[in-house]
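Comments concern the structure below.
The values are calculated or read from the model by the stated rules, or taken from the named source; none is laboratory data. All values reported here derive from a predicted model rather than from experimental measurement. Backbone-built Cβ (ideal geometry, glycine too); neighbour counts: all protein chains shown.
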Amino acid sequence: MDDKWREKWKDKEITVKEAIDKIIPGNRVFIGSACSEPQALTSELIKSSNNLIDTEIIHFFTIGPEKYFKDKAEDLFRHNAFFIGKTLREEINKGQADYTPILASEIPSLFLSGRKNCDVALIQITPPDRYGFCSFGINVDFAKPISKAAYLTIAEINPQMPRTLGNSFIHMKEIDYFVMNDTPLLEFNFKEKNEVVEKIGKNVVTLIENKSTIHIGNGSLPNACLNYLKGKKDLGMHSHYVTDNIIALIENGVLTCRKKNFHPEKIITSFTLGTKKLYDFINNNPYIEFYPSDYVCNPKYIGMNKKMVSINQALQIDLTGQVNTSTKGYDFYSGIGDTVDFMRGAAFSKGGKPIIVLSSTRKNDSISNIVPHLDEGAGVILSRADVHYVVTEWGIAYLHGKTIRERVIELICIAHPKFRQELLDEAKKLNYIFHDQLLPCDEEGRICIYPSKYETIFRTRTGEIVKIRPVNTTDEPLLKELYYSLNERDRYLRFFELRKEFTHSKTQSEVNIDYKNVFSIGAFIGNIQKEEMVGSATYYLNPKNNMAEYSFLVREDFRGKGLGSFLYHHLIIIAKELGIKGFYGSIHIQNKKTVQIIRKGGYTKITPPEAGEKELFYEVFFDKENSID
């Protein structure tokens, strides 16, 4: 558009200095957030700080290069951050600036209701269209509602600001004054991914179904998770902010929004954190709509999306499930932001998944982020009742609806292995768990790592999908349920006795294994929220002859579907890879179907029972050479 509009609205155009001179001491001033910070106005504001004593400056996540406190022992005007960026973090923790903890969804109403007034709003917008409407561009979030509530609105009009669509416009009549500044926008680059981030991303992706709607929370981890969604179909997005990572997902047909039921075929967001590549992509793009934060972050609207997946980063979590996302001890680090809004919104969603992601350690693996109790002074942003999924590079824990004892075990199993024993010992001191609780350890007492490479999928003859994987500590209740589901005959054939009880003390050794001398795999149906074990297969190595005693079990409703045979052959693959030369064991003579399965494992020798005995003995050698020994 040409500059004819400047002539039409020439009475509103002033210089940058004249604009800042409109602010008087004692005013409360809002500055546009993140990459949309009005750079010319902000720079002049800092230069004029000597004339703005007792002026309050309101921020949400500042990232600009300007240093508000440079060469000043005390600030000449007071800053108040609703979310803490690195620009103000040090000063807030020194008491030179203020921090207001508040939900992102509630910030607009704080001003629109009049509970907190705003005297001057400094915003950055596009030039007006032929109807006089300017777009807030890359940041609608709080800028639009606070501009509406402010007594005086001063806009920095930047032709390089992209024009975004949605509820993202302000008319020139609503602007009191404007300045011109044709300059590149601020850009934001996330930390580069590493091995830990990659493992976390791959774990998160296993939770995300096709046709889900995605939200990424504050921090580099949630954004990095977008890199691992390439194999998904028809995803949607409803997120407080978007990044450069959405571009490839859209171009590759992953992020289509076609199956969204709330704002179908549209990405819904409030602001961007990215680079010029993203700004060019969203310019006049009808696929992406921007709305104020009280709409995008409202849990009621978030929950309207089916299969809403909210990915949020934590700094620390205790063994009971309390989450700290914003403080480091007594020091404030970030803020509440949209975390609580989206975690609760996703929980309201049909098929929704609220997810917490965090690295299991920090400072080169010297400090665990999963702890017996949060650090002194740490803030609890999410209560125990708010937490559903927790993901680290070591796996996934599901906590919702589970007891403290179950939560503790789940979280210890996804902690860094070097801290698991320590966490277990502390949990025992706190009486959170059984005092005889074990963890998978080798003969030297070292924690054994769960061998995820042996996970696979089996489809039964009738079409059911069964996940086959090594058992771990958290499977103890599932194994007990499997045992209790057996009738008297099945129990007798499996244990050679009519066992009536399967207590913790009797079953925990079957899931806390070293994956070498004892290896057990389970067959599971359902998702992590409601898993059922429908079968298991185990071997116990005899190092004297390098043979392993084998046993297996399949729940009655899954027999005759090929599952028992699959478990047997999958465990043979594992045993051969670990250098074991064969299996052996005893089978009740009435258990004819098991005998048929055993015969298919390799070179088999079966010794019939002696007179009066009810058990036959078998040996299975995995290759012919060993069978001759």
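Here are a few things to note about the model shown:
- Residue among Phe169, Phe133 that alone is in contact with a His (Cβ under 6 Å, 6 or more places away or on another chain), under 19 Å from Lys8 (Cβ atoms), outside the structural domain of Asp338 (by TED's automatic domain parsing) and surrounded by fewer than 24 Cβ atoms within 10 Å (Cβ to Cβ): Phe133
- Residue among Lys402, Lys418 that alone is closer than 28 Å to Ser505 by Cβ, over 17 Å from the mean Cα position of the chain (by Cα) and in a loop (DSSP other than H, G, I, E, B): Lys402
- Counting only helices (runs of 4 or more DSSP H) that sit completely within segment 496-612, zero hold 1 or more residues that are in the same structural domain as Arg407 (by TED's automatic domain parsing) and surrounded by 19 or more Cβ atoms within 10 Å (Cβ to Cβ).
- Leading residue by the ranking (farthest from Lys600 (Cα to Cα)) among those in segment 537-553 that are at pLDDT 95 or above and of a type in the set (A, V, I, L, M): Leu541
- Per-region count, segment 421-465, residues exposed (fewer than 12 other Cβ atoms within 10 Å of the Cβ) and either part of a strand (DSSP E or B) or small (Gly, Ala, Ser) (or both): 4
- Being in contact (Cβ under 8 Å) with a residue 24 or more places away in the chain and touching a Leu at 6+ places or on another chain (Cβ under 7 Å) holds for only one residue in Ala155, Ala143, Ala149, and it is Ala149.
- Where strands (runs of 3 or more DSSP E) fall entirely within segment 257-352, those with at least 1 residues that are buried (at least 19 other Cβ atoms within 10 Å of the Cβ), hydroxyl-bearing (Ser, Thr, Tyr) and in contact (Cβ under 8 Å) with a residue 24 or more places away in the chain are at 267-269, 308-313.
- Considering only residues in segment 220-240 that are touching a Leu at 6+ places or on another chain (Cβ under 9 Å) and in contact (Cβ under 8 Å) with a residue 60 or more places away in the chain, the one that is surrounded by the fewest Cβ atoms within 10 Å (Cβ to Cβ) turns out to be Leu221.
- Filtering segment 108-133 to residues that are under 38 Å from the mean Cα position of the chain (by Cα) and not hydrophobic (A, V, I, L, M, F, W, C) leaves Pro108, Ser109, Ser113, Gly114, Arg115, Lys116, Asn117, Gln124, Thr126.
- Qualifying residue in segment 472-490 (condition: under 20 Å from His570 (Cα atoms), at pLDDT 95 or above and among the β-branched types (Val, Ile, Thr)): no
- There is at least one residue in segment 368-384 that is in contact with a Phe, Trp or Tyr (Cβ under 9 Å, 6 or more places away or on another chain) and closer than 24 Å to Leu110 by Cβ.
- Complete set of residues in segment 389-399 that are under 13 Å from Asp365 (Cβ atoms) and in a loop (DSSP other than H, G, I, E, B): Glu393, Trp394
- One residue from Ile247, Ile200 being modelled with pLDDT of 95 or more and either assigned to a loop (DSSP other than H, G, I, E, B) or in contact with a strand residue (DSSP E or B) (Cβ under 8 Å, 6 or more places away or on another chain) (or both): Ile200
- Each residue in segment 361-391 was checked for being over 14 Å from Asp318 (Cβ atoms) and touching a residue at least 24 places away in the same chain (Cβ under 8 Å), and 5 of them qualify.
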